[in-house]
Amino acid sequence: MSTRDHLQRFAIALPARRPTVLFEGSGAEIARGYPALDETLRAHAGYRLVIAVPADELAATRRRYPHEIVLLAPAPVLGALWRWRLGVVDVITPETPDAAARLAALPPLASATGRHGLSERVVALAAGQPIASIPELKHRLGAPRAILCLGNGPSSEDPHLHDYASGAALFRVNWNWRGRGFLEAPDVVFTVDPDPPGRGCPPVLLFPSTEIGVPILRRHLLRGYRPRAGYGFLDRFQPPPAELSGRHIPTNGALMVALAAALAPERLVIAGIDLYRHPEGRYPGDTEAVDGYSREHRAELDLAVIGAALDAYRGEVVILSDNLKDALGR
């Protein structure tokens, strides 16, 4: 366990406060109750699920549910403060009767759109104005003739990718690929992950929305990291690469393909978008995770966005994700 894990047990360095459903129990109890709770919360946009487990099950539970926030159960004397700091609106335990029905009765949440207006201006003063259009991004990247779009599925490490990498712009998603030694110098990263880039040539950072991106950039700036290569919020692009105002939005992988196609390179290479159905697991070398799409995303929406982008694209398309190729009928 990290120092941060221990601090969080004492209500320090917790994730930002927002309406949260807390699911407490052992790893086995979480496994039994998770499918029903996950399904119920998919119909309640805005509510966050936090899983609390004993210390000896923390690492395994995080591997099993990589899309969820998994924390140490709080110190007993600080439980009330811990729950308040997270914004807990309901606590589910193995003894909770009719937990799914109880969550189904949660009231709808009002949209929080626009609440980062002041922070957005502060970020712009410290980090420069965001990239706001596809032509601007294309100019920033030097109008690449080929783009590699790599999700994080096992096919993102297909050896044939090296055949296409020379001279191509590299687009990646989040930071799961770091430390694996395979195509680790992206030009653009599409992310919702709060971690800043490491050392080396900095990528352009693109976030799905200001609501997601502004707090992350603010945290980067407080830690002394400035996005020197540039940054942008896709919901502010004119036009945006996809619809981003609905209850469900495309994943970063789908947005990456849509934006890459809109940049109109001569060749587009896609891998690592395996729809969480690859026989080797969720990520390269990972066979433990059981969750698929997180609650704000849907496979059908991703396929619609990617399919429409590729239908409008006039260059060469190479897809090394067999599941994606089959789902698109290509």
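The values are calculated or read from the model by the stated rules, or taken from the named source; none is laboratory data. The shown structure was predicted, so the numbers you read here are calculated from the model rather than taken from an experiment. Cβ atoms come from the backbone with ideal geometry, glycine included; neighbour counts cover every protein chain shown. SASA here: full protein model, heavy atoms, side chains in, ligands and nucleic acids out. Shrake-Rupley method; radii C 1.70, N 1.55, O 1.52, S 1.80 Å.
Quick check: is even one residue across the range 234-247 on the phi > 0 side of the Ramachandran plot, in a loop (DSSP other than H, G, I, E, B) and surrounded by fewer than 15 Cβ atoms within 10 Å (Cβ to Cβ)?
No, the conditions are met nowhere in the range 234-247.
Please indicate, with yes or no, whether at least one residue in the range 180-188 is outside any strand (DSSP E or B), open to solvent by 20 Å² or more (accessible area, probe 1.4 Å), touching a Cys at 6+ places or on another chain (Cβ under 8 Å) and within 24 Å of Glu316 (Cα to Cα). Step through it out loud before you land on a result.
Kept after step one, since they are outside any strand (DSSP E or B), are these residues of the range 180-188: 180-187.
Among the residues that remain, those that are also open to solvent by 20 Å² or more (accessible area, probe 1.4 Å) are: 180-185, 187.
Narrowing further to those that are touching a Cys at 6+ places or on another chain (Cβ under 8 Å): 185.
Then keep just the ones that are within 24 Å of Glu316 (Cα to Cα); that gives 185.
Yes, that holds for at least one residue.
Return the residues of the range 85-98 that are exposed (fewer than 15 other Cβ atoms within 10 Å of the Cβ) and without any contact (Cβ under 8 Å) to a residue 24 or more places away in the chain; say none if nothing qualifies.
Glu95, Pro97, Asp98
Let me confirm something: among Ala308, Ala264, which residue is assigned to a helix (DSSP H, G or I) and either within 24 Å of Ala124 (Cβ to Cβ) or more than 17 Å from the chain's Cα centre (by Cα) (or both)?
Details: Ala264 fails: assigned to a helix (DSSP H, G or I).
Answer to the check: Ala308.
For residues that are open to solvent by less than 10 Å² (accessible area, probe 1.4 Å) and in contact with a strand residue (DSSP E or B) (Cβ under 6 Å, 6 or more places away or on another chain), scanning just the range 211-229, find the one that is farthest from Val192 (Cα to Cα). Steps first, answer last, please.
So in the range 211-229, the residues open to solvent by less than 10 Å² (accessible area, probe 1.4 Å) come out as 213-214, 217, 220, 227.
Subsequent filtering for residues that are in contact with a strand residue (DSSP E or B) (Cβ under 6 Å, 6 or more places away or on another chain) retains 213, 227.
Details: Gly213: 7, Pro227: 15 Å.
Going through the qualifying residues, I end up with Pro227.
In the range 145-154, which residues are closer than 21 Å to His278 by Cα and either part of a loop (DSSP other than H, G, I, E, B) or open to solvent by 10 Å² or more (accessible area, probe 1.4 Å) (or both)?
Within the range 145-154, Gly151, Asn152, Gly153, Pro154 qualify.
Mind listing whichever residues of the range 1-18 are open to solvent by 20 Å² or more (accessible area, probe 1.4 Å), among the polar types (S, T, N, Q) and not in a loop (DSSP other than H, G, I, E, B)?
The one that is open to solvent by 20 Å² or more (accessible area, probe 1.4 Å), among the polar types (S, T, N, Q) and not in a loop (DSSP other than H, G, I, E, B): Thr3.
How many residues does the range 19-54 hold that are open to solvent by 40 Å² or more (accessible area, probe 1.4 Å), modelled with pLDDT of 85 or more and part of a loop (DSSP other than H, G, I, E, B)?
2
Regarding the range 214-231, can at least one residue be identified that is under 17 Å from the mean Cα position of the chain (by Cα), touching a residue at least 40 places away in the same chain (Cβ under 8 Å) and not in a helix (DSSP H, G or I)?
yes
For (1) exposed (fewer than 14 other Cβ atoms within 10 Å of the Cβ); (2) more than 29 Å from Arg42 (Cα to Cα); (3) at pLDDT below 85; (4) in contact with a Gly (Cβ under 7 Å, 6 or more places away or on another chain), each residue gets a yes or a no:
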site	(1), (2), (3), (4)
Ala100	no, no, yes, no
Arg115	yes, no, yes, no
Val122	no, yes, yes, no
Gly128	yes, yes, no, no
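Out of (1) farther than 27 Å from Glu157 by Cβ; (2) open to solvent by 10 Å² or more (accessible area, probe 1.4 Å); (3) modelled with pLDDT of 75 or more, what's the single condition that is false for Thr251?
Looking at each condition in turn, Thr251 falls short on (1).
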